[in-house]
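Inspection log for the structure reproduced underneath, given as structure tokens.
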Amino acid sequence: MHSVLAPGQGSQTPGFLRPWLEVAGAKETLERWSQLCDLDLVHLGTEADKDEITDTSRTQPLMVAAGILAADHLPDDFAGVVAGHSVGELTAAYLAGVLSADNAVMLAAIRGRAMAEACALIPTGMSAVLGGNPDEVLAAIESAGAYPANQNGGGQVVAAGTLEALEKLAAAPPQKSRIRPLAVAGAFHTPFMHTAHEKLSTAAADMDFADPKVTWLSNYDGTPVTSGTDARTRLVEQVTAPVRWDACVEGLRQRDVSGMVELPPAGALAGMVKRQLKGVPVIKLNTPDDLDSVTELPDQAEDAQ
């Protein structure tokens, strides 16, 4: 069984979408989505500098648009299971047949703007906690008054909260761990995003959500999304709930995935799953040239897994 993974915000680099715009029809599609989002996605994916594509309101629809553009060139019925990290779940929703491409990109734009607005209400941030005993890390985050926003597995938890809480955590880090502040706008996936939750809920209520056609492992708890209604609920709740990527990876392990493809901009998820699912090949689909490698992935998992 093959899996397709969709990265979240933070993986983007200037010009990462340029190779895909050489594919027939890609630029026209991106221009149409630009009109839907009231953003110049062509510029953002090709000529924009780092500061422009770090803006949450711009980055999120760009990430989803990039993932969908690339995914449409994968072989038919390639994915047996899909998963996305944070905003990458909207790409996963498209891959699973739950959302149309237009609605996935539009919802990403609404989500990005709403989360950027929530970040402006109070100064907050995020810091990666690398290493340490998992239980001790979670206890230290709670003790500092922060939240475990991302539980990525492989010794990586991202704490989020007020700047004071993050400073307290940095001053007394868990044993055998190190703290790395992240360049983000605010405390994503925490109660600080409650206004974004409300706006996304309103927008999602007006969109059609179909039942999944393939297994889609949710960030909420790593279990499969069961219906269109379930998908709508999870996508909204995810804004204020922790990203349980560790649980998604465990779901991939349980399904004996034989090979994975990470959509552009690829790299972050490939690194995480390689450490946790040793021996399972992962293709980083960053340019159309990488599509040739996709057909070489094994159809069945090796016994060594």
> List pairs: first in the stretch 65-86 and at positive phi, second assigned to a strand (DSSP E or B) and open to solvent by 10 Å² or more (accessible area, probe 1.4 Å), Cβ under 8 Å, 6+ apart or cross-chain?
Replying inline: SER86/ASN150
> In the set GLU296, GLU198, which member is surrounded by fewer than 18 Cβ atoms within 10 Å (Cβ to Cβ), part of a helix (DSSP H, G or I) and out of contact with any His (no Cβ under 9 Å at 6 or more places or on another chain)?
Replying inline: GLU198
> Which number in (1) of a type outside the set (Val, Ile, Thr); (2) within 30 Å of ASP76 (Cβ to Cβ); (3) touching a Phe, Trp or Tyr at 6+ places or on another chain (Cβ under 9 Å) marks the one condition that PHE209 misses?
Replying inline: (3)
> Of the residues SER34, SER11, which is among the hydroxyl-bearing types (Ser, Thr, Tyr), modelled with pLDDT under 95 and not in a strand (DSSP E or B)?
Replying inline: SER11
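Would you please name the residue that is modelled with the lowest pLDDT, looking only at residues in the stretch 202-252 that are among the aromatic types (Phe, Trp, Tyr) and either part of a loop (DSSP other than H, G, I, E, B) or in contact with a Lys or Arg (Cβ under 9 Å, 6 or more places away or on another chain) (or both)?
TYR220
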> Within the stretch 60-77, can you find the residues that are more than 13 Å from LEU263 (Cα to Cα) and open to solvent by 10 Å² or more (accessible area, probe 1.4 Å)?
Replying inline: PRO75, ASP76, ASP77
> What are the residues in the stretch 231-242 that are among the β-branched types (Val, Ile, Thr) and surrounded by fewer than 24 Cβ atoms within 10 Å (Cβ to Cβ), if any?
Replying inline: THR233, VAL236, THR240
>> Which pairs turn up if I take residues in the stretch 4-25 that are open to solvent by less than 60 Å² (accessible area, probe 1.4 Å) and look for partners that are at pLDDT below 95 and not in a helix (DSSP H, G or I) with beta carbon separation below 6 Å, at least 6 apart in sequence or on another chain?
In response: VAL4/ALA79
> Looking only at the stretch 243-270, which residues are at negative phi, over 12 Å from the mean Cα position of the chain (by Cα) and open to solvent by 10 Å² or more (accessible area, probe 1.4 Å)?
Replying inline: ASP246, ALA247, GLU250, ARG253, GLN254, ARG255
> Regarding ALA108, is this residue within 27 Å of PRO298 (Cα to Cα) and crowded, with 24+ Cβ neighbours inside 10 Å?
Replying inline: no
>> Condition first: among the charged types (D, E, K, R) and touching a residue at least 40 places away in the same chain (Cβ under 8 Å). Now tell me which residues in the stretch 208-233 satisfy that.
In response: ASP208, ASP211, LYS213
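The values are calculated or read from the model by the stated rules, or taken from the named source; none is laboratory data. Model, not experiment: these values are computed from the prediction. Every residue, glycine among them, receives a Cβ derived from its backbone with ideal geometry; neighbour counts consider all protein chains shown. For the accessible areas, the whole protein counts, side chains as well, though only heavy atoms, and no ligand, DNA or RNA atoms are used. Shrake-Rupley method; radii C 1.70, N 1.55, O 1.52, S 1.80 Å.
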